[in-house]
Each structure stands twice: as C-alpha cells, then as structure tokens.
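Comments concern the structure below.
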Amino acid sequence: MISVKVKREAVRLRNYMELKKKSVCFKDDSRGMSFIEIIIVVAIMSIAVGIGGYGVSMVSGRAAEACARNITSTLQHVRTLSMGKYATYAKLYKSDSDGKIYIEMYQRVKEEDGFTLVRQTVVGDKTVEVQCNGGVLDSSGVCIGFDRSTGALTNKVGGDFETSTVGQIVVSKSHTTMYVLIEAVTGKIVVKRV
C-alpha cells in the first residue's frame, strides 16, 4: 500500500513540476533579454527623448521669437509715426531693476518742446539676451530713429536728437536666435530666424 501511495505522490509531484515549467508565472528561464528586445527598447527610449527634447527647445525658444516680434512691431510703429506729423524715436534697453527688455517710444509734438515718453512696453523677459551693434544690450540702451521724409534709418531725429544707426538686433535664448534687420536706406524691418 505504501508503494502505491508513494507512486501516486511521485506522479502528482511530477505532473506539478511539468505544469510549473509550462506556466508563465512560474517560469524558471533566467536567460535575460534577447538582443532584438534590447534594440527595440533603446529605439523607443530614443524616440521619446527626442520628442521631449524638441518640445523643450520649442518652448524655450518662443521667448526669443516673441521678443523679436515685439521689437519689430514697435519699430514699425515708430517708423510710421516718424513719417507723419511728429518726430518720433524708440529706445531699446534692459532694465537694471527687473532684468526685462523694454522699448520706449518718444515723440516731440512741437519743435520748441523736447521729446516726451509716449509708451513703454516690455518686449522680452530677463532670460532673453539682446545684442545691438555687436554689444550686449544694457540699461543705457540704444535709440533708434527714422528719417521723416524717407523712413530710412537715421542718426538724427527731429534735426537735433542723436540716435544710433542700428542695422541689426540679435535676440537669443537657448538654441534660438532671431535677427531683427533694419535696412538703412529704406528703413524696412524684417525678422529672420537662424
């Protein structure tokens, strides 16, 4: 009797071991991952990192694009006003107090009066770097004026106020660089991305 019980137990144990080998959750195969599986995992991870990196660079570059667009629109507005009734110029500078990039618009209504501040606009945050005439923009800033009759870039506004003849303004942040180009002869203002 004992031998029959031992045989039954041995058969049951053997069946259990075979079932254990076939079962997925009790798999005793510790060979690791195959080369193809590793390549697939690396490919998926590199695609995810590439998409994430591209998204981060797009977000960080938008501040430079927005700053360049704001500078361009304000300068175009100043150019249009300069060719109108009043002498007008713009001052572009970086504030010492908050580090932001500002552009101010000044007008002279009467010839005997001086220039008065008409509008001050924040065009860029403190993370954006702006360069004019090869130098980094600081709190002293740069004044930009346009000729009243032709709209061309000029170094004198209203006949007596000295301005800079800035041909290009470079706006950059991270890997994004934008150029605000001012044509000296015509005063045309364009933005280019590099």
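The values are calculated or read from the model by the stated rules, or taken from the named source; none is laboratory data. None of the values given here were measured: they were computed from a predicted structure. Counting neighbours? That spans all protein chains shown, and the Cβs are built from the backbone with ideal geometry, glycine included. Accessible surface areas use protein heavy atoms only, side chains included; no ligands, DNA or RNA. Shrake-Rupley method; radii C 1.70, N 1.55, O 1.52, S 1.80 Å.
Dipole size in debye (nearest 20) for the chain around its Cα centre, Lys and Arg Cβ +1, Asp and Glu Cβ -1? The partial results should precede the final answer.
Details: 27 positive and 19 negative charges, 380 e Å.
Dipole magnitude for the chain comes out near 1820 debye.
Taking LYS156, LYS91, LYS110 as the candidate residues, the one with maximal mean-square fluctuation in a Gaussian network model of the chain, Cα springs under 10 Å, is LYS110. Values [x] 127; [y] 189; [z] 372 are given for comparison; volume of the Cα convex hull per residue in Å³, derived from the coordinates here, is the one labelled [y].
Charged side chains reduced to their Cβ positions (Lys and Arg at +1, Asp and Glu at -1) give segment 123-173 a dipole of some 100 debye around its Cα centre.
To the nearest 0.05, how large is the calculated FRET efficiency for ARG62 and SER97 if R₀ is 25 Å and r is the Cβ-Cβ distance?
That gives a FRET efficiency of 0.55.
Which whole-number percent of Cα pairs in segment 140-184 have a distance greater than 15 Å? Distances greater than 15 Å cover 49 percent of the Cα pairs. Loop sites only, by DSSP: take the GluC sites (Glu not before Pro) in the chain that have at most 11 other C-beta atoms within 10 Å and name the longest stretch containing none of them. Maximal segment without exposed cleavage sites: 1-110. What's the carbon and sulfur percent of the chain's accessible surface, probe 1.4 angstrom, rounded to a whole number? The value for the chain is 59 percent carbon and sulfur by accessible area.
For the pair GLU112 and MET33, the difference between a 0.36 nm per residue extended length and the Cα-Cα distance amounts to 20.0 nm.
Over the chain, with a Gaussian network built from C-alpha contacts below 10 Å, which listed residue (ILE38, ILE47, ILE169) shows the highest mean-square fluctuation? Greatest mean-square fluctuation among the candidates belongs to ILE38. With axes computed from alpha carbons, what is the tilt in degrees of helix 2-22 against the longest principal axis of the chain, rounded to the nearest 10 within 0 to 90? Between helix and principal axis, roughly 20 degrees.
Under a 5 Å amide H cut-off, with hydrogens placed 1.01 Å from N, ASP125 pairs with ILE101 among residues at least 5 apart or on other chains. A 1.4 Å probe run over the chain, with the rest of the protein chains in place, finds 65 Å² accessible per residue. Treating the angle as unsigned and between 0 and 90°, give the value, to the nearest 10°, between the Cα long axis of helix 35-82 and the longest Cα principal axis of the chain. Between the helix axis and the principal axis of the chain, the angle is about 10 degrees.
The residue list GLY32, VAL180, ILE103 was ranked by how far each Cα lies along the charge dipole of the chain toward its positive end, using unit charges on Cβ atoms, and GLY32 comes out on top.
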